[in-house]
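Structure first, commentary second.
The values are calculated or read from the model by the stated rules, or taken from the named source; none is laboratory data. Please read all numbers here as calculations on a predicted model, not as lab measurements. In this analysis, Cβ positions are derived from the backbone assuming ideal geometry, glycine residues included, and neighbour counts consider all displayed protein chains. Ligands, DNA and RNA are excluded from the accessible area calculation, which covers all protein heavy atoms including side chains. Shrake-Rupley method; radii C 1.70, N 1.55, O 1.52, S 1.80 Å.
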Amino acid sequence: MPPYEAIKKAREKNLDLVEISPTAQPPVCRIMDYGKYLYQQEKKEREAKKHQKTITVKEVKFRINVDDHDYETKKNHVLRFLDEGDKVKATIFFRGREMTRTGLGRQILERLIKDVEPHSIVEFRPRQEGNTLHAILAPKKTEKEREKERQREEKHKAAAQSAPGQSAPPVQVAKPAS
């Protein structure tokens, strides 16, 4: 259909003539309410934005002379962050003469990677940039898998709490003969 006829039809219906595929031979056009179309597209984009998960990177800082208790506490923070679905950047900052002991820092990060291995995937192995050494860990499971696992654990806890009370036989106390 010639363009002038298409424009005429669109005006008769009080709509717009919108070019869909300009590179096709012949070009493809559609008669539609363009304002309504833009509104619906914007609405779809807003809806998609609501459902998308933003990935945040949490940072945990270590020192090369970290004590075992402090290491365990920070490792637990890393595990919690991974369980929440966030990525973790483990950082060791070297000051002054500590730069000669980068091997110790690398050992700490390797130990952390080994300790959280069941819960994480290593995105970046420990690498040195200036006076900082860092590694990035990502969670192993998706959000849906973690949610299913939490529900399973809650069911097991509920079953364990209700089972002992129901399965225990009534206790009979023998009275001494008087």
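Which ones in segment 9-66 are in contact (Cβ under 8 Å) with a residue 12 or more places away in the chain, open to solvent by less than 90 Å² (accessible area, probe 1.4 Å), over 30 Å from Gly96 (Cα atoms) and part of a strand (DSSP E or B)? If the condition is that a residue be in contact (Cβ under 8 Å) with a residue 12 or more places away in the chain, open to solvent by less than 90 Å² (accessible area, probe 1.4 Å), over 30 Å from Gly96 (Cα atoms) and part of a strand (DSSP E or B), then Asp16, Leu17, Val18, Cys29, Ile31, Met32 are the ones that fit. Just one of (1) assigned to a helix (DSSP H, G or I); (2) surrounded by 12 or more Cβ atoms within 10 Å (Cβ to Cβ) fails for Gly85. It is (1).
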